[in-house]
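Here is the structure we will look at, set down as structure tokens.
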Amino acid sequence: MSKRTVDLIRKDVQSAKNEAKKNILLPVREVEDLLALVDSLQQQLAEKDETIQLGVDMLDERDHKIAWLTNELGE
């Protein structure tokens, strides 16, 4: 009977270890997913910044042309 009890304890300990490993791995996966999301958002933000800067540059160029044309027309 004591041998059987020891086997049950070993199974419970092993089961507890396996459960602990799952609980440790789950947050690691969640952190990896979160880091991937942050990386993706940073890339999207960088692309938006580039698009905004392009728009600002185009507006500056337009304003410069308008000023030049206005000066050329003498107005």
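Coordinate-derived values only; no laboratory data. Remember, predicted model here, so these are calculated numbers, not experimental data.
For the pair Thr70 and Gln43, the difference between a 0.36 nm per residue extended length and the Cα-Cα distance amounts to 5.7 nm. Compactness of the range 33-72 is given as radius of gyration and Dmax, 17.3, 58 Å, from Cα positions.
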